[in-house]
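The values are calculated or read from the model by the stated rules, or taken from the named source; none is laboratory data. The structure presented is a predicted model; accordingly, all values stated were derived computationally and were not measured. As a convention, Cβ positions derive from the backbone with ideal geometry for all residues, glycine included, and neighbour counts pool all protein chains shown. These accessible areas exclude ligands, DNA and RNA; they are computed on the full protein's heavy atoms, side chains included. Shrake-Rupley method; radii C 1.70, N 1.55, O 1.52, S 1.80 Å.
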Amino acid sequence: MAQAWKERLGILLQLFWVFFRIGPSTFGGGYAMMPVIEREIVGRKKWIDKADMTDMISLAGSAPGGVGVNAAAF
């Protein structure tokens with residue numbers, strides 16, 4: 001049980017750290033964040049593949065609200 005919590009906490013900390021580093025690029029707007037998110041999520045961490053990233057950008061752009069926030073939520 002304790003091992004599962006440690007794994008979950010580790011994943012949450014990784015997510016926090018990745019998006020904490022992406023945060024300074026938000027001054028360029030939501031679409032300025034997309035290459036940074038892609039480099040981190042697709043290239044370095046390999047959490048999703050290129051096709052899923054393309055789908056994420058499409059959904060984030062078509063949903064109401066900020067593109068960067070929608071992409072991060074997806």
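Listed here are the residues, each with its yes/no results for (1) assigned to a helix (DSSP H, G or I); (2) among the aromatic types (Phe, Trp, Tyr); (3) open to solvent by 40 Å² or more (accessible area, probe 1.4 Å); (4) under 18 Å from residue 14 (Cβ atoms).
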site: 35; (1), (2), (3), (4): yes, no, yes, no
site: 39; (1), (2), (3), (4): yes, no, yes, yes
site: 48; (1), (2), (3), (4): no, no, yes, yes
site: 51; (1), (2), (3), (4): yes, no, yes, no
site: 60; (1), (2), (3), (4): yes, no, no, no
site: 64; (1), (2), (3), (4): no, no, yes, no
site: 68; (1), (2), (3), (4): yes, no, no, no
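In this structure, is residue 4 of a type outside the set (Asp, Glu), out of contact with any His (no Cβ under 8 Å at 6 or more places or on another chain) and at pLDDT 85 or above?
Spelling it out, residue 4 is indeed of a type outside the set (Asp, Glu), out of contact with any His (no Cβ under 8 Å at 6 or more places or on another chain) and at pLDDT 85 or above.
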